[in-house]
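Nothing in this text is a laboratory measurement; each read-out follows from the coordinates by a stated rule. What you see is a predicted model; the values in this text were computed from it and never measured. Neighbour counts run over all protein chains shown; Cβ positions are idealised from the backbone, glycine included.
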Amino acid sequence: MATPSAPWWRDAVMYQVYLRSFRDGNSDGVGDLRGARSGLAYLSTLGVDGVWISPCFPSPQRDHGYDVSDYCAIDPLFGDLDDFDLLVRDAHQLGLKVVLDIVPNHCSSDHPRFQEALAAGPGSEARRWFHFAEGRGADGSLPPNNWRAMFGGPAWTRVVEPDGRPGQWYLHMFTPHQPDWNWRTPEVADLFDKVLRFWLDRGVDGFRIDVAVGLFKHPDLPDSPDPTADEDARDAINPLAWNQPEVHTVWRRWRAICDEYDAYDGKQRTLVGEVAVPTPSDQALYLRPDELHQAFYFDLLHTPWDASAFRERIGAALHDIASTGAPVTWVLNNHDQQRTVTRYGQSVLPGQEPDLDRGAARALAAALLMLALPGSAYLYQGEELGLPEVTDLPLDALTDPIVAATGRPEAGRDGCRVPLPWSGTKPPFGFTGAEADRTWLPQPDWFDRYTVQLLRANGDSCWHTYRDGLQLRRTVPALRDPALRWLADDDGILAFARGEGFVCAVNFTDAPVPAPFRGTPLLSSQPCDDGKLAANTAAWWIVDPAA
C-alpha cells in the first residue's frame, strides 16, 4: 500500500505466523516452514503485505523457540535453511515481505556460550557473557537480589560449580532455561551483529525484536523497590531490569546495519520492537530517526471496549509516537494474548461465561477500526477466522512454561496457540496430514465452524470482511493520508475522517444508533440498515467532503 516515496513498512499490514500452529508440512503434528510456505498463497489472497515468522532457530523448545541455542541455523523440527530460503523466495515472488523474530535478551541454557560459562567457573571471561553473581548470606545461599522472573519465581538460579560445590547464581528474567545475555560485554553486541547480517544476507526484510526494552540491567544489580511487579503483571515494570538508557545504543547500532543494506541494494528493511513501556512518550524514545523503525503499540490490547477509552489511547499514540516521524504500529492480539473474540466477550460479572457472539462482533469492529487508522498493523493468525480462545484444554496437554512456573493453568498462553483449522469437519482440520497421530495442541471439535474452507465459501463471513478491508486499504486514496481528524461524536460512538472523504465510525454500544451518514457503508463489520449503525459495529464510508 505504501507510495513510491514511502518505505513499505510505514503502512504495511503484517500477518504473524506462529510457526508451530500455522500449518504442518511433514505430518508430525507441528507446524513448520514447509507448511508456512504452502500457506503463502492464502495470505496473498487475504491481502496482507507480509509475514512475521516466529523463532525457528535450534532450540530445546522449553519456551517454544524463544530459548535459542543457535541463532544462525534452523531447528530440524521446522525444516532446514533450504526450507527457509524457499519460503523467502516464494514470499517475495508473491509480493510478501518476511520479518524474522529475533531474541537478543536471552538464550537457551543449552547455548554453547552458556555451557562454556558453566564449565569455566567463577571469574572467567566466559561468565562475563551472562549475569553471574555471588549469592547473599553467609554461605551465598540467597539470590543476589530480590528480582522476580516474568514467568514466575525468582529471577536467579544457583549453579553447581565444576568442582561439585554450590556456587554462583545466574540471572534469567523468564525461565531458568533462558539465561539473560550481559550486553555490557562488548562481544555480545558483536555476536548479534553477525546474526543480523547472516539473516539479512538470506533476504529477510526485517526483524521483530523480542523484549526490546531488555538487554541492559542496572550495573549494580540492586534490589527492586517492587520485586513482584513483573511477575504479577507479566509486564516489563522493574525499572532496574528493563528500559535502561544504554539499550538505545543497540538500536542505533542495528539501525546502522539495516541502513547499510538499504543503501547497498535500495531495499527497505525494518526493525519492529516489542517495546512494553508505561506511556506512548516512553515508546517514542525508541522510535527516534536513528533507532527502531517501528514498535508495537500495545495499549489497545488492554483498553476496555469503550469509545472514550479507545479515542484517548489512539490520540495519545498519534500525538506522542507519530510526532517522531515514525508510524504507529497497531496490534490487537499476538501469541501471548487471549484471543480478541473471547477478550471482548468477557462479562463484567465474575464467573459468567464469555458472550462469544458479542465478542465476535466487537473483535471484527476493532479490526476494521485498526485497519482504518494511519500507520501499520500486525494481525495474529486466526483472527481473520474469528477464532475464540480455547479455554478447556486438558491439563496434561498444556505446554506453556508459565503454567509450570505458577501452577495456574489460566495464566498460560496455550489457548491462543492451538493449530489453525483449514478444512474438513473434524481434527486435524487440514492442519496436518491424516497420518499424524495428533497435533501438538489438541483442536476442539467446534473448530469445524471456523475453518478457512468454510469461511472463504461464505461471502458474508468475517474472513471476507478482513479481505475486503485489506483490499480497500490499498485502493482508497484517502487511506494514504497520514492525518486523522476526529469527528464530533455521541456517547459510545467513535468517528474520524482521513483524507478526502473517508470516514470510519464505530458503535461501542449494544444497541443500534443513528449512522453519521445516510446510505450503505462502503464496508461494515455487521449489516447496517440505512441510516443505522448496528450494535458493536464499525463502518467505513466515502462521502462528499463538501456535504
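Lys532: which aspartates and glutamates have alpha carbons under 16 Å from its alpha carbon, excluding same-chain residues fewer than 8 sequence positions away?
Those aspartates and glutamates meeting the cut-off are Asp489, Asp490, Asp491, Asp510.
Place the peptides 131-140, 276-285 in order of packing, highest mean first, counting for every residue the other Cβ atoms within 10 Å and averaging per peptide.
Listed from highest to lowest mean packing, they are 276-285, 131-140.
What lysines does Lys97 reach when the alpha-carbon gap must be under 19 Å and sequence neighbours fewer than 8 apart in one chain are set aside?
Filter leaves Lys267.
What angle do you read, to the nearest 10 degrees and between 0 and 90, between the alpha-carbon axis of helix 247-265 and the longest principal axis of the chain?
Once rounded, one gets 60 degrees.
Counting alpha carbon pairs within less than 8 Å and at least 6 residues apart, what relative contact order, in whole percent, applies to segment 496-547?
Details: 98 pairs, mean separation 22.5, N = 52.
Worked out over segment 496-547, it gives 43 percent.
Counting other Cβ atoms within 10 Å of each Cβ, which trypsin sites (Lys or Arg not before Pro) in segment 449-547 have at most 15 and sit in a DSSP loop?
Passing sites in segment 449-547 are Arg518.
For the chain, what relative contact order do you get, as a whole percent, if you take Cα pairs closer than 8 Å and at least 6 residues apart?
After rounding, I find 13 percent.
What fraction, in whole percent, of alpha-carbon pairs in segment 112-171 exceed 18 Å separation? Intermediate results must be reported in sequence, preceding the final value.
Numbers: 578 of 1770 pairs.
Across segment 112-171, Cα pairs with separations above 18 Å total 33 percent.
Can you give me the distance in nm between label points at Leu301 and Thr249, each placed 7 Å from the Cα along the Cα-to-Cβ direction?
Result: 2.9 nm between the two label points.
Can you tally the net charge around Gln244? Count Lys and Arg as +1, Asp and Glu as -1, for every other residue whose Cβ sits under 13 Å from the Cβ of Gln244.
-2
With the contact rule set at Cα under 8 Å and sequence spacing of 6 or more, what percent relative contact order holds for segment 112-171?
Relative CO of segment 112-171 lands at 31 percent.
What's the local net charge at Trp147, with K and R +1, D and E -1, over the other residues with C-beta under 10 Å away? Walk me through the intermediate numbers first.
Details: positive: Arg148, Lys217; negative: Asp223, Asp230, Glu231.
Here the count lands on -1.
Would you tally the net charge around Asp49, using a Cβ to Cβ cut-off of less than 12 Å, leaving Asp49 out, and scoring K and R as +1, D and E as -1?
Summing Lys/Arg as +1 and Asp/Glu as -1 gives +2.
What ranking of Ser27, Ser59, Ser461 emerges when the number of other C-beta atoms within 10 Å of each C-beta is taken as an exposure proxy, fewest first?
Ascending number of Cβ neighbours within 10 Å: Ser27, Ser461, Ser59.
Which of the listed residues, Gly164, Gly153, Phe132, is farthest toward the dipole's positive end in segment 112-171, when Lys, Arg count +1 and Asp, Glu count -1 at the beta-carbon?
Looking along the dipole axis, the top candidate is Gly153.
Please grab the % of Cα pairs in segment 480-525 that end up more than 18 Å from each other. Provide the component values of the computation, followed by the final result.
Numbers: 319 of 1035 pairs.
So the portion of pairs separated by more than 18 Å is 31 percent.
Might you report the magnitude of the Cβ-based charge dipole of the chain about its Cα centre, with Lys and Arg at +1 and Asp and Glu at -1, to the nearest 20 debye? Please list the in-between numbers first.
Details: 49 positive and 76 negative charges, 180 e Å.
Roughly 860 debye, rounded to the nearest 20.
P(r) for segment 4-94: what percent of alpha-carbon pairs falls in each 10 Å bin, starting at zero?
Taking all Cα pairs of segment 4-94, the binned fractions are 17, 47, 28, 8, 1 percent.
Would you kindly calculate the translational diffusion coefficient of segment 167-283, applying Stokes-Einstein with the Kirkwood radius from alpha carbon pairs, for 10 °C and a viscosity of 1.306 mPa s, and quote it in µm² s⁻¹ without decimals?
My calculation gives 100 µm²/s for D.
For the chain, just run the numbers: alpha carbon Rg, then divide by 2.2 N^0.38 Å, N being how many residues it has.
So the chain has a normalised radius of gyration of 0.98.
With Kirkwood's inverse mean 1/r over C-alpha pairs for Rh, give me the Rg to Rh ratio of segment 350-458, two decimals please.
Ratio value, two decimals: 1.00.
Need one number: nm distance between label points at Ala256 and Ala411, each 7 Å from Cα along Cα→Cβ, rounded to one decimal.
4.1 nm
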